[in-house]
Amino acid sequence: MLGTLLSAAAASNPAAAVDPSQWKCASCPVETGTSGSLDAGVGVVSDASARYGDYTGLDRKGGVLLLGGSVRYLDASGLWGKLEASDLGTDARSLSAVGGREGVFSANLAYDELPRHFDGGAMTPFLGVGGSVLTLPAGFTPAGTTDAMSLASTLQSVDIGYKRSRLDLGATWLQGHPWSFSVGARHMTREGTEPTSGSFFSNASQLVAPVDQTTDNFEGAAAYAGRDLQARLAYTASVFRNDDASLTWTDPFTSGTLGAGLGQLALAPDNQFHQLQASIGYRLGPLTRVSGDLAVGRMTQDAAFVAPTLNAALVVPVLPRSSLQGAVDTLNANLALSASPLEGLRLSAAWSHDERDNKTPTAAFPSVSTDLFLGPDYTNRPYGYKQDRLKLGAGYFSHAGLKLDIGFDYRETRRTLQAVDTTRDATTFARLSAQATPMLAVSLKLAEAQRSNSAYSDVSWAEAAENPLLRRFDMARRIRDSADARADLTLSDSVSLGMDLGIADDNYPDTTIGLTDGHTVGVGADVSVAFSERTRLTLFVHADRVRSHQAGSQGVGLPDWWAGTKDAADMGGIGVRHAAIKDKLDLGADLAFARSRSDVAVDNRVPAPGFPTATTAMDSAKFFASWHLSKAMSLTGSYWFEHYDAADWQLDGVQPATIPNLLAFGVQPPHYNVSMVRVSLRYRF
């Protein structure tokens, strides 16, 4: 209305015409020039912990250098750039740069590292850790059981973990609206070690496998973005290389009995993936849009086979070929339509097709059991599948704040060389959302999902005969009912409360052997309180309960044992932010806890002790403060304490020689209390 009156006044009185050149946007200024911040400081970690340092790079006790910051640049011609760095003094460092000219081009460069630390405390007698050949030290006498081995004088501590490094390069050109072209490349390496295991007959050893892997990715694309039509054509490639084809180790349980003194495990083989993608979207009208995409690709794996066995006493027939010659063709297609034929009504439909056509040639390969015996020939099976999915949805929104969504999701999967040829999953759902009162918003979603399957067939090609009553949970007939509810209550401008509840019930009515049912309940709440403009508090709690039952058979008949699991997880947290001295001193704290509990009960009609309860507990407290020394300079400090405690009957008390036929690492569940203090100076310019 105001714009209409101004236009009319200007038309009747030209002298009063508004000069738009004087208009300014006070709320959205564009700052040109250079700005940013630099951070420098030190931190001290109280104790060494592999678990605490996993992904953070803070696994060592002592000092750490804190370096980071960001720089931004923009000039009047549209030339811009941004440089960001964080955690440069740790093993989780990252650095990125991006820039270009607005509407013309952009380029980016990024590098980051991420450390992976497995649970500490591992011990092994093997030499050559980090390489592809593990040997036993001089003086080590192989023995039939671990308690008879000379471990006291040969065990050594090993740190198991690797570093992932990633380098990204990319550029985009805008060749005049509406065309754009882009290229991108990524070089990623993983270097270090990871845990694995190997066995001879009934004896097993936990081993340290080398990690020396490289993955190179490339993408090139051309895109068109018009008013009604959008399209894109792209090519992507991924090449994985492993510098270690296998891991060889000396058997610590024998001294070459039956010729089996050395074992060999194949590691991840070299492979490639190439894909061509095309997508298109078109606006049929103001409120109707159709889109689709198509992608065709091929996965290949042609690394040379390792020897079937290193046991010289076994005469193994010649392999039918020197490599797998693996090839899988992929096809992905999607088509979607959305429309709003009436005010407040939105309709959608989507169809997708996913296909894995395994073209790997089959052949009969000789099999070797535990490096001691020749078994029957094994024929590789080129598993594949085709999957079609249809999704239909409708949503209605009224001005009264009522919204109703209904939907139907149907998926049909056709498999090759599986116990079930076809599965069909159909899900129907309805979600109702309402602004019940100006202070209360609620939503409720109900869903029912049913899976049906074709007849089960005997997996005759499997090495060991399967129980004909066995049903795999991902292929068996299943009925799932679920409900999700959410309520948000705004008590005042400064206090809000939210609550949510989720329930799911799974039933497998045709399963005699396998998973028979599962039940999940989750409940949570969150609170936000603004005591004043200077003080704010947030709080959340959440609890999950999961129960399931399964039936098993020690033979190939009816059930003769049953198992039930109960898993519980509870977590919560509270956060406080307080401006103690306005524009001078900011304080904050975050407290969090997490608890989990897992109980497994087995009934085989024979009295026996049950499995101990597995538990984890984590408590974290973070306190931080920022003192603004000046407009450009501030001093920040923080204190972070974390407590972690776990009990796991699979690891508790299991030392390298605890189990007679297992040479173990002796790793125990993690227990630690670690504190970290940080002090840093931030300069803004």
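The values are calculated or read from the model by the stated rules, or taken from the named source; none is laboratory data. Note that the structure is a prediction, hence the values are computed from the model and not measured. Note that we place each Cβ from the backbone using ideal geometry, even for glycine, and neighbour counts take in every protein chain shown. Just the protein is used for accessible areas: all its heavy atoms, side chains included, with ligands, DNA and RNA removed. Shrake-Rupley method; radii C 1.70, N 1.55, O 1.52, S 1.80 Å.
Values as computed for the structure displayed
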| read-out | value |
| --- | --- |
| Sole exception among (1) within 31 Å of the chain's Cα centre (by Cα); (2) hydroxyl-bearing (S, T, Y); (3) assigned to a loop (DSSP other than H, G, I, E, B) for T413, by number | (3) |
| Residue ID - farthest from R414 (Cα to Cα), chosen from residues in the range 496-514 that are among the hydrophobic types (A, V, I, L, M, F, W, C) and open to solvent by 40 Å² or more (accessible area, probe 1.4 Å) | L497 |
| Residue match in the range 515-527 (condition: in contact (Cβ under 8 Å) with a residue 40 or more places away in the chain, crowded, with 16+ Cβ neighbours inside 10 Å and farther than 30 Å from W627 by Cα) | yes |
| Where P137 falls short, out of the listed (1) farther than 25 Å from A48 by Cβ; (2) crowded, with 17+ Cβ neighbours inside 10 Å; (3) in contact with a Pro (Cβ under 8 Å, 6 or more places away or on another chain) | (2) |
| Matching residues, the range 594-607, being over 13 Å from A563 (Cβ atoms), open to solvent by less than 80 Å² (accessible area, probe 1.4 Å) and among the aliphatic types (A, V, I, L, M) | A594 |
| Pairs where the first residue, in the range 151-179, is under 26 Å from R101 (Cα atoms) and the second is of a type outside the set (S, T, N, Q) and part of a loop (DSSP other than H, G, I, E, B), C-beta under 7 Å, 6+ apart | L174/G103; L174/V104; P178/G226 |
| Conditions (1) crowded, with 16+ Cβ neighbours inside 10 Å; (2) modelled with pLDDT under 95; (3) of a type outside the set (D, E, K, R); number of the one not met by T300 | (2) |
| Residue count for the range 194-214, restricted to those that are buried (at least 17 other Cβ atoms within 10 Å of the Cβ) and either among the basic types (K, R) or free of Cβ contacts under 8 Å to residues at least 60 places away in the same chain (or both) | 4 |
| Filter result for D481 (surrounded by fewer than 16 Cβ atoms within 10 Å (Cβ to Cβ) and either assigned to a strand (DSSP E or B) or among the charged types (D, E, K, R) (or both)) | yes |
| Test for G184: is it among the small types (G, A, S) and in contact with a Phe, Trp or Tyr (Cβ under 6 Å, 6 or more places away or on another chain) | no |
| Test: residue in the range 126-149 that is out of contact with any Ser or Thr (no Cβ under 6 Å at 6 or more places or on another chain), among the β-branched types (V, I, T) and part of a strand (DSSP E or B) | no |
| In the range 147-170, the residues that are open to solvent by 40 Å² or more (accessible area, probe 1.4 Å), in contact with a strand residue (DSSP E or B) (Cβ under 7 Å, 6 or more places away or on another chain) and more than 30 Å from L95 (Cα to Cα) | L155, Q156, S157 |
| Test result for G176, crowded, with 16+ Cβ neighbours inside 10 Å and of a type in the set (G, A, S) | no |
| So Y639, is it at pLDDT 95 or above, touching a strand residue (DSSP E or B) at 6+ places or on another chain (Cβ under 6 Å) and either open to solvent by less than 30 Å² (accessible area, probe 1.4 Å) or within 23 Å of T613 (Cβ to Cβ) (or both) | no |
| Candidate set from the range 651-685 (those that are under 30 Å from S630 (Cα atoms) and out of contact with any Phe, Trp or Tyr (no Cβ under 8 Å at 6 or more places or on another chain)); member that is surrounded by the fewest Cβ atoms within 10 Å (Cβ to Cβ) | F685 |
| Pairs, first in contact (Cβ under 8 Å) with a residue 60 or more places away in the chain and of a type in the set (A, V, I, L, M) in the range 360-376, second loosely packed, with under 12 Cβ neighbours inside 10 Å and in a strand (DSSP E or B), C-beta under 8 Å, six or more apart | V368/G375 |
| Residues (surrounded by 15 or more Cβ atoms within 10 Å (Cβ to Cβ) and aliphatic (A, V, I, L, M)) located in the range 223-238 | A223, A231, A234, A237 |
| The listed residue being within 24 Å of P669 (Cβ to Cβ) and either touching a Cys at 6+ places or on another chain (Cβ under 7 Å) or in contact (Cβ under 8 Å) with a residue 12 or more places away in the chain (or both), out of A50, A76, A40 | A50 |
| Whichever residue in the range 346-360 is open to solvent by less than 60 Å² (accessible area, probe 1.4 Å) and of a type in the set (A, V, I, L, M, F, W, C) and, among such residues, is nearest to R389 (Cα to Cα) | A350 |
| Count - residues of the range 75-92 that are under 29 Å from S165 (Cα atoms) and open to solvent by less than 60 Å² (accessible area, probe 1.4 Å) | 7 |
| Residues within the range 552-564 that are in a strand (DSSP E or B) and crowded, with 16+ Cβ neighbours inside 10 Å, tallied | 1 |
| Residue within the range 602-621 that is more than 32 Å from the chain's Cα centre (by Cα), among the small types (G, A, S) and at pLDDT 95 or above present | no |
| Candidates R321, R298, R346 - the one that is of a type in the set (K, R) and more than 30 Å from A364 (Cβ to Cβ) | R346 |
| Where a residue in the range 426-438 is over 15 Å from G395 (Cβ atoms) and open to solvent by 80 Å² or more (accessible area, probe 1.4 Å) and its partner, wherever it lies, is at pLDDT below 95 and part of a strand (DSSP E or B), with Cβ under 6 Å and at least six apart | none |
| The range 416-431 - residue that is among the aliphatic types (A, V, I, L, M) and more than 28 Å from the chain's Cα centre (by Cα) and, of those, farthest from A476 (Cα to Cα) | A430 |
| Residues located in the range 393-409, provided they are surrounded by 15 or more Cβ atoms within 10 Å (Cβ to Cβ) and either under 20 Å from R451 (Cβ atoms) or modelled with pLDDT under 90 (or both) | G407, D409 |
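Residues are listed down the side, and each one gets a yes or a no for (1) of a type outside the set (G, A, S); (2) within 30 Å of L587 (Cα to Cα); (3) in a strand (DSSP E or B); (4) at pLDDT 95 or above:
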| position | (1), (2), (3), (4) |
| --- | --- |
| G498 | no, yes, yes, yes |
| A504 | no, no, yes, yes |
| D517 | yes, no, yes, yes |
| T520 | yes, no, yes, yes |
| V527 | yes, yes, yes, yes |
| T538 | yes, yes, yes, yes |
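Results for (1) at pLDDT 95 or above; (2) touching a His at 6+ places or on another chain (Cβ under 9 Å), shown as yes or no for each residue.
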{"site": "A97", "(1), (2)": "yes, no"}
{"site": "E113", "(1), (2)": "yes, no"}
{"site": "T124", "(1), (2)": "yes, no"}
{"site": "T135", "(1), (2)": "yes, no"}
{"site": "S153", "(1), (2)": "no, no"}
{"site": "L167", "(1), (2)": "yes, yes"}
{"site": "A185", "(1), (2)": "yes, no"}
{"site": "T193", "(1), (2)": "yes, no"}
{"site": "S199", "(1), (2)": "no, no"}
